[in-house]
Amino acid sequence: MIKHILFLRFNESAYGNDKKTNVKIFEEKLLAIQKKVNGLLKVEVGFDFSNEKDSSDVVLYSEFENKEALHQYQIHPDHEDLKNGLAKYATNAELLIMKCKFKRQKTNNKQTQISFLSFEFCYLLFLD
């Protein structure tokens, strides 16, 4: 499983819209991609509620079945369009890609327990 985590800080305005509107447009585009990429298992978009000076406005969390699914996401035309739009939307971005090996076990009370066996990280920082 591959975990892809992106932190974004948006400009106050872009494309004639305010930050709040652009964040909503970004979220809608991201969620639409989920249905188009095989192996893209999960997409979540979180929003900053702290309003701290150094906090990100948006966090994208996604899970991929494997590296090939991540690659197909990265080259998908809708993702390319989204990345090109980020040049105006965002003032900076931080990306963490993590490959996880884990095992799942059922416990006595029928809950699933996940044990992480190993991690591999790739961290990228994009600044304006």
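The values are calculated or read from the model by the stated rules, or taken from the named source; none is laboratory data. These numbers were taken from a predicted model, which means no experiment stands behind them. With ideal geometry, Cβ positions are generated from the backbone for all residues, glycine too; neighbour counts draw on all protein chains shown.
One residue is enough: does segment 73-92 have a residue meeting the conditions modelled with pLDDT under 75, assigned to a strand (DSSP E or B) and touching a Phe, Trp or Tyr at 6+ places or on another chain (Cβ under 9 Å)?
Step one: list which residues in segment 73-92 are modelled with pLDDT under 75, which gives none.
The answer is no; no qualifying residue exists.
Identify all residues within segment 12-51 that are in a loop (DSSP other than H, G, I, E, B), among the hydrophobic types (A, V, I, L, M, F, W, C) and modelled with pLDDT of 90 or more; write none if there are none. Can you show your working first?
Here is the first cut: in segment 12-51, the residues in a loop (DSSP other than H, G, I, E, B) are 12, 15-16, 35-39, 48-51.
Narrowing the set further to residues that are among the hydrophobic types (A, V, I, L, M, F, W, C) leaves 37, 49.
Hit for segment 12-51 is 37, nothing else.
Would you mind finding the one in 6, 96, 70 that is modelled with pLDDT of 85 or more, assigned to a strand (DSSP E or B) and not basic (Lys, Arg)? Break it down stepwise before answering.
Working: 96 fails: modelled with pLDDT of 85 or more; 70 fails: assigned to a strand (DSSP E or B).
Exactly one of 6, 96, 70 is modelled with pLDDT of 85 or more, assigned to a strand (DSSP E or B) and not basic (Lys, Arg), namely 6.
For residues that are small (Gly, Ala, Ser) and in contact (Cβ under 8 Å) with a residue 12 or more places away in the chain, scanning just segment 20-51, find the one that is surrounded by the most Cβ atoms within 10 Å (Cβ to Cβ).
As a first pass, look at segment 20-51 and keep what is small (Gly, Ala, Ser): 32, 39, 46, 50.
Imposing the further condition that a residue be in contact (Cβ under 8 Å) with a residue 12 or more places away in the chain reduces the set to 32, 39, 46.
Values: 32: 12, 39: 16, 46: 13.
Applying the filter and picking the extreme gives 39.
Tell me yes or no: at least one residue of segment 52-60 is among the hydroxyl-bearing types (Ser, Thr, Tyr), free of Cβ contacts under 8 Å to residues at least 60 places away in the same chain, closer than 23 Å to residue 2 by Cα and not in a helix (DSSP H, G or I). Steps first, please.
Quick first cut of segment 52-60, residues among the hydroxyl-bearing types (Ser, Thr, Tyr) only: 55-56.
Right, trim to free of Cβ contacts under 8 Å to residues at least 60 places away in the same chain and you get 55-56.
From what is left, the residues that are closer than 23 Å to residue 2 by Cα are 56.
This time we only want the ones that are not in a helix (DSSP H, G or I), so: 56.
Yes, segment 52-60 contains at least one residue that is among the hydroxyl-bearing types (Ser, Thr, Tyr), free of Cβ contacts under 8 Å to residues at least 60 places away in the same chain, closer than 23 Å to residue 2 by Cα and not in a helix (DSSP H, G or I).
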